[in-house]
Amino acid sequence: MFYWFVYVLLWLPFRLFYPIKVVGKKNVPKTKPVIYTCNHYTLKDPILLAIFLNKRIRFLAKKELFACFLSRWILKGLGAFPVDRGKADRKAMKFCLDTLQKKRILGIFPEGTRAKGADGTEEIDGVKDGAVMFALKTGAPIVPMAFEKPAKMFRRNKLFVGQALYFKPAIEGRPTKEEIHAATIKLTEALNALKQNNGLHVNKRNM
């Protein structure tokens, strides 16, 4: 109930102030569980994904965002869970696995942080292995997504949705380092292909 109260409260202003066209929405699987992964520019990204995909998504968010009452109220209302990025956060891992085991939608920004100084032309890199690890443990597909550029008020934007990636579940839910590494590369390639294939120039970094 609280989720829908917050959702309805934010729906109209975000729709009006941040016009976003979703390209490839048909690629979103109708079945659950599923993992949504997306590049990350601003603190508004989780709200934009929930509103423009019209889905209830459980996100991980850095614990520092829960220090402020307003942001904590909004994040908890939208189903977010705090994660300590400085260590192996077992509570956050349990939240992710429980979300998928309950056949819900898990949202992860696989770069682990917002892109600094981003203008929409940068390559997605530094993808962490969390999303693919949960996919390998549970068999849940990963849906790669990419914002065309950072969301700004009254500026048109696009959200590209790619085809779901399916990984064979690891034996007894224990993926090897090789399996995790290969799946992470595949996810990174899928995220960057979204930007490249939709006519965006991509600057190579760390070459």
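A few points about this structure:
- Karplus-based coupling profile of segment 83-95, in residue order and whole Hz: 10, 8, 6, x, 7, 6, 8, 5, 5, 5, 5, 5, 4, with θ = phi - 60° in 6.51 cos²θ - 1.76 cosθ + 1.60 and x standing for Gly or Pro.
- Options Phe66, Gly77, Gln101, ranked by Cα towards positive dipole end of segment 57-161, top entry (Cβ charges): Gly77
- The phi-based Karplus calculation (6.51 cos²θ - 1.76 cosθ + 1.60; θ = phi - 60°) puts the 3J(HN,Hα) values of segment 163-168 at 6, 5, 9, 10, 10, 5 Hz, whole numbers, x for Gly and Pro.
- DSSP bridge orientation in the chain - percent antiparallel, rounded to nearest 5: 15 percent
- What the phi angles of segment 126-131 give under the Karplus curve with 6.51, -1.76 and 1.60, with θ = phi - 60°, is a coupling list of x, 5, 7, 9, x, 4 Hz, glycine and proline written as x.
- Charged side chains reduced to their Cβ positions (Lys and Arg at +1, Asp and Glu at -1) give the chain a dipole of some 660 debye around its Cα centre.
- Close amide H contacts of Gly107 (hydrogens built in the peptide plane, cut-off under 5 Å, sequence separation of 5 or more or a different chain): Tyr36, Arg58, Phe59, Leu60.
- Exposure proxy order (Cβ contacts within 10 Å, fewest to most) of Trp11, Trp4: Trp4, Trp11
- One compactness figure for segment 129-189 is 1.39, namely its Cα radius of gyration divided by 2.2 N^0.38 Å.
Readers should treat all values here as calculations from the given coordinates under stated rules, not as data from a laboratory. Computed from a predicted model, the values in this text were never measured in an experiment. Positions of Cβ are backbone-derived with ideal geometry, glycine not excepted, and every protein chain shown enters the neighbour counts.
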